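**Q** Supplied in structure tokens, the structure appears directly below.
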Amino acid sequence: MKTPLIFSTSPRGDEIARHVAQLLGAPVHLCGAGREDAAPLVQAAYAEGVPIVGVCAAGVLIRLLGGSLGERASEPPVLAVSADGKVAVPLLGGHRGANALARWVADGFKGFAAVTSTSDTLYDFSLDDPPPGYVVANPEAVRPLMAALLNGEKLRVEGLSGWLELAGYPVSPEGSQLLRLSESPAPGPGLLVHPRTIAVGVGCTSAATADEIEALITGALETAGVAAGAIALLASLEKHAKTPALRAVAERFGVPLRVFSRRELDKEKKRLLTPSPIVEAATGLAGVCEAAALKAGNLILGKQVSAHATCALGRADTPIDPAHFGKSA
């Protein structure tokens, strides 16, 4: 997420704006009479797709946006928060993060989120804003599917559907609306949702470039029939935590880089498909990429090799929470 614009339009809201800014790690702008002008800040942020949180009346924020509104599909989250922090109102981008942000802000101040999206009032989340660990592959399929559900039709799910039923969705084996939960990128009917169950184990030398590592991973995904959207994280040896090329590739795939100590990876030695005496002589480990991938659970693709890098793919049974996988790089 881009760094949000956080502002207040009067001294009454300054304290709440400062708290929100601190929680989101963003600067705060104190606007209003005799202070910064909010209108150019808001309009520039909207044009750049930056999330906007205004501690002000909803009507004030609407007027500040003026005529700058664009296409619904590309609008950033826009949120109005009351001066006491008790009410958070998502105005735009509800399913692009505003509804979730409103709930988060409201929880922080023991208030409530005034969410008005129909799907969000019926279900715990909208299908175009799924919970962590899932990503929608074809968002254009969400609107007609949600419209059909709101019209009384039921959802037929290929894959584990328990989390959807808990959220209130009408799941039935005879449902007319198809939702496919799959790591595969294969196109097909219905809404395709990727569970982030894949860990990409990576090993490299200092000569490896980001382009080389990215190409190696992309080839591995194609070989295994796995979508990039199913990747939860990249994993490697602790000494690679600061390797610029590896960090750059993680950023390109939009996932974190997590690392393990030598001792932690060595525990996977007996499960390696392709242990290497050469690697073991150089690092003390029989393998890096497969050992790191195995931390997810099962190996679905063994070591793939390029000139200066290796990678392997591991799969977990359920979406991986990166915060509980190795250590942050």
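**Q** Which residue, chosen from Ala228, Val171, Val42, occupies the Cα position most advanced towards the positive end of the dipole of the chain, where the dipole is computed from +1 (Lys, Arg) and -1 (Asp, Glu) charges on Cβ about the Cα centre?
**A** Ala228
**Q** Between rounded, prolate and oblate, where does region 289-329 land on the alpha carbon gyration tensor, with a ≥ b ≥ c its root eigenvalues, rounded for a/c under 1.5, else prolate if a/b exceeds b/c?
**A** oblate
**Q** Considering only the chain, what is the antiparallel percent among its DSSP beta bridges, to the nearest 5?
**A** 40 percent
**Q** Right, next: Would you list Lys303, Lys2 from the most to the least accessible area, probe 1.4 Å?
**A** Output order, biggest surface exposure first: Lys2, Lys303.
**Q** What residue among Phe7, Leu160, Leu237 has its Cα farthest toward the positive end of the dipole of the chain, where the charges are +1 on Lys, Arg and -1 on Asp, Glu, each on the Cβ?
**A** Looking along the dipole axis, the top candidate is Leu237.
**Q** Report the charge-dipole magnitude of the chain in Debye, nearest 20, computed about the Cα centre from +1 at each Lys and Arg Cβ and -1 at each Asp and Glu Cβ.
**A** Dipole about the Cα centre, nearest 20: 720 debye.
**Q** Taking the Cβ-Cβ separation of Thr318 and Lys110 as r and a Förster radius of 45 Å, what is the calculated FRET efficiency to the nearest 0.05?
**A** Efficiency, from the Cβ-Cβ distance: 0.90.
**Q** So which DSSP H runs in the chain come out at 20 Å plus along the axis (Cα) with average Kyte-Doolittle of at least -0.5?
**A** 210-224
**Q** OK, next. Run the numbers on the chain and let me know its relative contact order in percent, using alpha-carbon pairs under 8 Å that are six or more apart.
**A** 12 percent
**Q** Report, in listed order, any pair from Lys2/Lys267; Lys2/Lys303; Lys2/Lys242; Lys270/Lys327; Lys239/Lys267; Lys269/Lys327 with a Cα-Cα distance greater than 29 Å.
**A** Lys2/Lys267; Lys2/Lys303
**Q** Is the C-alpha gyration tensor of region 173-324 telling us rounded, prolate or oblate? Criteria: a/c under 1.5 is rounded; beyond that, a/b larger than b/c is prolate, otherwise oblate.
**A** prolate
**Q** Roughly to the nearest percent, how much of the accessible area of the chain is carbon and sulfur, given a 1.4 Å probe?
**A** Looking at the chain in its full context, I get 55 percent from C and S.
**Q** Along the Cα→Cβ direction, 7 angstrom out, place labels at Arg18 and Thr205. What is the inter-label distance in nm?
**A** Once both label points are built, they end up 5.5 nm from each other.
**Q** So for the chain, taking the charge dipole from beta-carbon charges (+1 Lys/Arg, -1 Asp/Glu), which of Pro131, Ala58, Ile217 sits furthest toward the positive end?
**A** Ile217
**Q** What order do you get for 290-299, 6-15 when each peptide is scored by the mean count of other beta carbon atoms within 10 Å, highest first?
**A** Listed from highest to lowest mean packing, they are 290-299, 6-15.
**Q** Report the accessible area of Ile198, computed with a 1.4 Å probe over the heavy atoms of all protein chains in place, in Å² rounded to the nearest 10.
**A** For Ile198, solvent-accessible area is about 0 Å².
**Q** Per-residue HN-Hα couplings for region 300-314, Karplus 6.51 cos²θ - 1.76 cosθ + 1.60 at θ = phi - 60°, whole Hz, x for Gly and Pro?
**A** Here the 3J(HN,Hα) series is 9, 8, x, 4, 10, 10, 10, 4, 10, 8, 9, 8, 8, 10, x Hz.
**Q** Moving on. Stretch Lys269-Lys86 to full length: gain in nm at 0.36 nm per residue minus the Cα-Cα span?
**A** Difference between extended and current length: 60.5 nm.
**Q** Rounding to the nearest 20 debye, state how big the charge dipole of region 86-232 is about its Cα centre with +1 on each Lys and Arg Cβ and -1 on each Asp and Glu Cβ.
**A** 540 debye
**Q** Give me the dipole magnitude in Debye, nearest 20, for region 163-293 about the Cα centre, with unit charges on the beta carbon: positive for Lys and Arg, negative for Asp and Glu.
**A** Result for region 163-293 is approximately 440 debye, rounded to the nearest 20.
**Q** Report the FRET efficiency, 1/(1 + (r/R0)^6), for Lys327 and Ala215, where r is their Cβ-Cβ distance and R0 is 22 Å, rounded to 0.05.
**A** Once the sixth-power term is evaluated, E becomes 0.25.
The values are calculated or read from the model by the stated rules, or taken from the named source; none is laboratory data. Predicted, not measured: the structure shown is a model, and the values here were computed from it. Using ideal geometry, Cβ is built from the backbone for each residue, glycine included, and neighbour counts are taken over all protein chains shown. Calculation scope for accessible area: heavy atoms of the full protein, side chains included, ligands and nucleic acids excluded. Shrake-Rupley method; radii C 1.70, N 1.55, O 1.52, S 1.80 Å.
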